[in-house]
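Read the structure below first, then the notes.
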Amino acid sequence: MKVAVIGSGIAGLSACWYLQDKHEVTLFERGSRVGMDAHSVEVDTPKGSVYINVPMRVFFEGYYPTLTALYTEAGIPFEPVNYAASFSQLHGDTYFRYNNLRAGPYSLPMLAGKSLLKPQALGLGAELLRFLNDAKRHGGNLQRSEKADKKTLADWLASKGYSQRFAEQFLYPAFAGICTCDYDSVAAYPAGIILEYLASDLISSSVHRLTNGVYEVTDKLAKAAKDVCYNTKLKGIRATENGVEITDQNGATELFDHAVIATQANKALELLAEPTAEEQDALSQIRYESGRIVVHRDEALAPDNKGEWAPVNFLLSATEPRPMASIWLNRIYPELEGQANIFESWNPLVEPATDKILVDATVDRPVVTQASLQAIKGLEKLHQQTDRKIWFCGSYSRRGIPLLENAVASAKSIAGYLVSA
Ligand SMILES: Cc1cc2nc3c(=O)[nH]c(=O)nc-3n(C[C@H](O)[C@H](O)[C@H](O)COP(=O)(O)OP(=O)(O)OC[C@H]3O[C@@H](n4cnc5c(N)ncnc54)[C@H](O)[C@@H]3O)c2cc1C
């Protein structure tokens, strides 16, 4: 069959990969390059140029089984990376830092630096251990974590007697970084979603990065499509008796047997020429938060005490609704070791010097809420309709934190429907 895939983030790319054997796929992207690689940048160093993936996306097998299987199947190598973190007040002290003690495939977090001597850090560490233990018990199986979803994370923490300090100084900043959203949105997350993430083997297994960078993913997966059309601003998608009509910006219409919409949910809704009430209801329930991501060379966006720098550094300000997360890229890319410092900062709380900025981009991220969990159930129902021809996938469209795994697993599930269609 002739299938149109719209959107070339990891969801659209993996849809192309999973559909390639049985179908003829055309991939449409509104941007001028593959969406997953849209913000990457090549940086010159005295030892040659280094291709930096923006944002830096990491993963670990426990929470990302479909993604790791896809990379393995496509022959895309990945390797462990130290993703330990520090937590500091902006222009103040680093109050908590851990390092990862590596032993073979395992990676165990251990307090590091001045944290070892600080009662505040020891207290946070003790609550973290208790929380991880609770996460295993309550997030380790779907039934229990769906039960936990009935509470917000804030209510769940309060019901278990966790301190406000643990929430505000560790858990909310860490998950504001992982989910790239405000503290309030983390506090309102359905608790089971966060517990499930920590119940997977994050703590004992190592986090991974792509050995050769994101370009290898976009290159290998996009090749699974017969045609790739960039700069395509589609005007409308309509299901008819004969298939799916796709109209481009010039008014030209092409007929496909099926269309897989792998854009953000709000963009998917805009694309539908005649959304049904069910489609409208499901797709409009997914809320997005915008954020700024900057790759730069400005050390003012890292903790004041250089001795406390970790690969990932959270900086908090009492007056800000979300933290800044500055990734020290020299600790992530072996090619950058010993070179001039370079960082990727999400939500810069200090304006980087203009002449030190390499990339400055705005990124949107779905937020999981009670309404979005309902919307996902609505999408699942839509996908079970007989004669369905328009399909939706993306990180927002499946239970879990909107990360790469959700995007790939949702694409794989759509491909499953299309194989039997
Ligand atoms: C700062 C930051 C850090 C992150 N770190 C991690 C991490 O460490 N690990 C991890 O797993 N995840 C991470 N993520 C999340 C991860 O990047 C996303 O979950 C994932 O990229 C979503 O992929 P997607 O394919 O669902 O959507 P997207 O990547 O948003 O792709 C949608 C595509 O659709 C295209 N599009 C939209 N409208 C149209 C249209 N009308 N016509 C054609 N094309 C259209 C867009 O241009 C885009 O290319 C991070 C995100 C951010 C913002």
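The values are calculated or read from the model by the stated rules, or taken from the named source; none is laboratory data. No experiment lies behind these values; they were computed from the predicted model shown. For neighbour counting, all protein chains shown are included, and Cβ atoms are generated from backbone atoms with ideal geometry for every residue, glycine included. Just the protein is used for accessible areas: all its heavy atoms, side chains included, with ligands, DNA and RNA removed. Shrake-Rupley method; radii C 1.70, N 1.55, O 1.52, S 1.80 Å.
Quick notes on this one:
- Sorting 164-177, 266-279 by average packing, meaning the other beta carbons within 10 Å per residue, from highest down gives 164-177, 266-279.
- Relative contact order of the chain, pairs being alpha-carbon contacts under 8 Å that are 6 or more residues apart, as %: 24 percent
- Electrostatic bookkeeping for Q249 treats Lys and Arg as +1 and Asp and Glu as -1; over the other residues with beta carbon under 11 Å from its beta carbon, the sum is +2.
- Spin-label model distance (nm) - D281 vs V419, 7 Å beyond Cα toward Cβ: 3.1 nm
- Long-range HN-HN contacts of F28 with modeled amide H, under 5 Å: V5, I6, G7, C229
- 5 angstrom amide H check on R287, placed H, neighbours 5+ away: V367
- Packing order of peptides 406-413, 21-28, 113-120, highest average first: 406-413, 21-28, 113-120 (average count of other Cβ atoms within 10 Å over each peptide's residues).
- Each part reduced to its alpha carbon centroid, the stretch 274-327 and the stretch 331-392 end up 9 Å apart.
- Along the stretch 216-229 the Karplus relation, 6.51 cos²θ - 1.76 cosθ + 1.60 evaluated at θ = phi - 60°, assigns HN-Hα couplings of 5, 5, 5, 5, 5, 6, 5, 5, 6, 7, 6, 10, 10, 10 Hz to successive residues, with x for each Gly and Pro.
- Across the chain, the fraction of Cα-Cα pairs farther apart than 29 Å, rounded to a whole number, is 46%.
- The slack in the chain from D201 to S163, taken as 0.36 nm per residue of separation less the alpha-carbon distance, amounts to 11.2 nm.
- Using the Karplus relation 6.51 cos²θ - 1.76 cosθ + 1.60 with θ = phi - 60°, the per-residue 3J(HN,Hα) values for the stretch 395-403 come to 4, 7, 9, 9, 4, x, 5, x, 10 Hz, with x marking Gly and Pro.
- The chain, helix-only ellipticity at 222 nm - DSSP H runs n ≥ 4, -39,500 (n - 2.57), divided by all residues, nearest 500: -9000 deg cm²/dmol
- Amide N proximity, the stretch 250-264 versus E24 label position 7 Å along Cα-to-Cβ, cut-off under 12 Å: 255-257
- Hypothetical label at E289: residues of the stretch 359-382 whose amide nitrogen lies under 20 Å (7 Å Cα-Cβ projection): 361-376
- 3J(HN,Hα) from dihedral phi, the stretch 8-17, Karplus parametrisation 6.51/-1.76/1.60, rounded to Hz, x for glycine, proline: 10, x, 4, 5, x, 5, 6, 4, 4, 4
- M110 - accessible surface, heavy atoms, 1.4 Å probe, Å² rounded to 10: 90 Å²
- Cα→Cβ-extended label distance, 7 Å offset, between D93 and A126, nm: 1.7 nm
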